[in-house]
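Novice: My questions will all concern the structure given below.
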């Protein structure tokens, strides 16, 4: 196996020791993109010469004994919603064909100053408003959608074109594609990763975070990404973030023995696909066999999650894009334009109730963790496998006899953590094709803890579920 | 500067940035129905069950204390 495809810790150590070089890794990543992206269509922009120049600078610093950052020489990609100096940002929209940012977004600047090499921008759904990312393909199942809206980032990582990528998550846009492409992803605590220089989809729900091949890689990336951002009005204070960064810098091993994992019984987390139900149950049993304690919990307030999310997300999104719709609406796709126009008509009383419901849901979730002494919630990452590319208008049957558009179902199962601001990690179920995963939701600003739990879960899945297939 | 509207129809049109009556509202009716059904559940939010918390004032006071 190429050293580039080992975990981030191994890759960056190899660069620092001189057993490989940043230029070698970057060249290999660019060759992989040349070879694979003609089919996968995950990338929207690259600047090979600039990436190789940055890599050569890392190698020079190492040769001359200058300090390099913790991600020295790591090739990665950035969702086309983040400004990245030298690469165009289109926000997935025909309305911004040639926008060239004059500076890096906060997250990209942090990655670059830690030694990472940005090899290109990855495709996003238009303004990050979809659970799929056409025309990007899913490398784990070419006939299935890759999920969205960070589908380009997930496809780039899952295919091995890059070691990691940045995504954004307003209503599941990191977790959905991670689950569908069979990789790991984290929606960090709201306010933990600065959003300066990212096009907002929604002011009060957007989070920025990484996708990678394994959970420990997410930890190493988050240790660099977390920090106060003056460009982001919702950035959390340093007193919360600095201790979190310090904890993220060291891997913590957590035993599954006695770990209390809440299984929420409400329909919000309903799995609509029979094979996926079986795989999820097998995952719970594998964790219980290793000593984890699955605890059945009820959270009736989750009945309001879909309404609250939509009542907040749609009007905020409409407010963000109103001027664009008014002045250049014909450059926005009919689907997104129709959705945002509809959002203008949502009654104010429902928006107020949505905000009220959000407070209620957050408070009840907090109490649930306290009353049951939960370490995390363990819920499905998706209600079913990714649909076929030609079936994106499919509907799924719910247990109550109603139907839901399958693409909306992928989002609904992610929305609790967006409303409460909690960190949520997707751990893939290995060897399950088409891919599925589980979602672990932790306590706010304890991203390190939920990642340590996810890492323990990942180890069990690798050992016990490798041979399970749906 | 935007001219003040002269009647309620004009006001509604301005409040929705001129988007009333769009054909796209009909074209995506199915998706909107799904959203509408979820939104209507919010009428059942128990508004009396949760005491309001004025987090903004609390944050302001906290900031003042630090200075």
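Novice: Could you tell me whether residue A:362 is within 24 Å of the chain's Cα centre (by Cα), under 30 Å from residue A:183 (Cα atoms), buried (at least 22 other Cβ atoms within 10 Å of the Cβ) and within 14 Å of chain B (Cβ to nearest Cβ)?
Specialist: no
Novice: Only residues that are outside any helix (DSSP H, G or I) and within 12 Å of chain B (Cβ to nearest Cβ): list them for segment A:298-317, please.
Specialist: Hits for segment A:298-317: nothing passes.
Novice: A follow-up question, please. Among (1) without any contact (Cβ under 8 Å) to a residue 12 or more places away in the chain; (2) in contact with a helix residue (DSSP H, G or I) (Cβ under 7 Å, 6 or more places away or on another chain), which single condition is residue A:327 missing?
Specialist: Looking at each condition in turn, residue A:327 falls short on (2).
Novice: So residue A:326 ticks every box in (1) surrounded by fewer than 16 Cβ atoms within 10 Å (Cβ to Cβ); (2) more than 7 Å from every other protein chain (Cβ to nearest Cβ); (3) in a helix (DSSP H, G or I) but one. Which box is left unticked?
Specialist: Status for residue A:326: all satisfied but (2).
Novice: Now for a separate question. Mind checking which residues of segment A:236-265 are at pLDDT below 95 and closer than 30 Å to residue A:395 by Cβ?
Specialist: Across segment A:236-265, the qualifying residue is only A:265.
Novice: Looking at B:13, B:64 in this structure, which one is loosely packed, with under 11 Cβ neighbours inside 10 Å, in a helix (DSSP H, G or I), at pLDDT 70 or above and out of contact with any helix residue (DSSP H, G or I) (no Cβ under 6 Å at 6 or more places or on another chain)?
Specialist: When all the criteria are applied, what remains is B:64.
Novice: When you scan segment A:333-354, how many residues do you find that are more than 7 Å from chain B (Cβ to nearest Cβ), under 27 Å from the mean Cα position of the chain (by Cα) and either in a helix (DSSP H, G or I) or crowded, with 23+ Cβ neighbours inside 10 Å (or both)?
Specialist: 4
Novice: If residue A:376 satisfies every condition in (1) touching a helix residue (DSSP H, G or I) at 6+ places or on another chain (Cβ under 6 Å); (2) within 14 Å of chain B (Cβ to nearest Cβ) but one, which is the exception?
Specialist: Unmet condition: (2).
Novice: Filter segment A:382-403 for residues that are out of contact with any helix residue (DSSP H, G or I) (no Cβ under 7 Å at 6 or more places or on another chain) and within 11 Å of chain B (Cβ to nearest Cβ); which is farthest from residue A:270 (Cα to Cα)?
Specialist: Selected residue: A:393.
Novice: Continuing with this model, one more query. Would you point out which residue out of A:256, A:218, A:222 is more than 22 Å from the chain's Cα centre (by Cα) and either within 30 Å of residue A:303 (Cα to Cα) or crowded, with 18+ Cβ neighbours inside 10 Å (or both)?
Specialist: Among A:256, A:218, A:222, only A:256 is more than 22 Å from the chain's Cα centre (by Cα) and either within 30 Å of residue A:303 (Cα to Cα) or crowded, with 18+ Cβ neighbours inside 10 Å (or both).
Novice: Follow-up. Go through A:271, A:295 for me and flag whichever is modelled with pLDDT of 95 or more, in a loop (DSSP other than H, G, I, E, B) and either in contact with a strand residue (DSSP E or B) (Cβ under 7 Å, 6 or more places away or on another chain) or crowded, with 18+ Cβ neighbours inside 10 Å (or both).
Specialist: Among A:271, A:295, only A:271 is modelled with pLDDT of 95 or more, in a loop (DSSP other than H, G, I, E, B) and either in contact with a strand residue (DSSP E or B) (Cβ under 7 Å, 6 or more places away or on another chain) or crowded, with 18+ Cβ neighbours inside 10 Å (or both).
Novice: Consider segment A:37-47. How many of its residues are touching a residue at least 40 places away in the same chain (Cβ under 8 Å) and more than 22 Å from the chain's Cα centre (by Cα)?
Specialist: 2
Novice: Can you work out which of the residues in segment B:17-47 that are in a loop (DSSP other than H, G, I, E, B) and modelled with pLDDT of 75 or more is surrounded by the most Cβ atoms within 10 Å (Cβ to Cβ)?
Specialist: Checking each candidate, the answer is B:45.
Novice: If you don't mind, there's one more thing I want to ask. How about segment A:274-292: which of its residues are surrounded by fewer than 21 Cβ atoms within 10 Å (Cβ to Cβ) and either touching a strand residue (DSSP E or B) at 6+ places or on another chain (Cβ under 8 Å) or within 12 Å of chain B (Cβ to nearest Cβ) (or both)?
Specialist: A:284, A:288 - these are the residues of segment A:274-292 that are surrounded by fewer than 21 Cβ atoms within 10 Å (Cβ to Cβ) and either touching a strand residue (DSSP E or B) at 6+ places or on another chain (Cβ under 8 Å) or within 12 Å of chain B (Cβ to nearest Cβ) (or both).
Novice: Turning to a different aspect of this structure: For segment A:355-470, which helices (runs of 4 or more DSSP H) that fit wholly inside it have 2 or more residues that are touching a strand residue (DSSP E or B) at 6+ places or on another chain (Cβ under 8 Å) and farther than 24 Å from residue A:305 by Cα?
Specialist: The qualifying helices (runs of 4 or more DSSP H) are A:447-464.
The values are calculated or read from the model by the stated rules, or taken from the named source; none is laboratory data. Remember, it's a predicted structure, so these values are computed and weren't measured experimentally. Please note: Cβ atoms are built from the backbone with ideal geometry, for glycine as well, and neighbour counts cover all protein chains shown.
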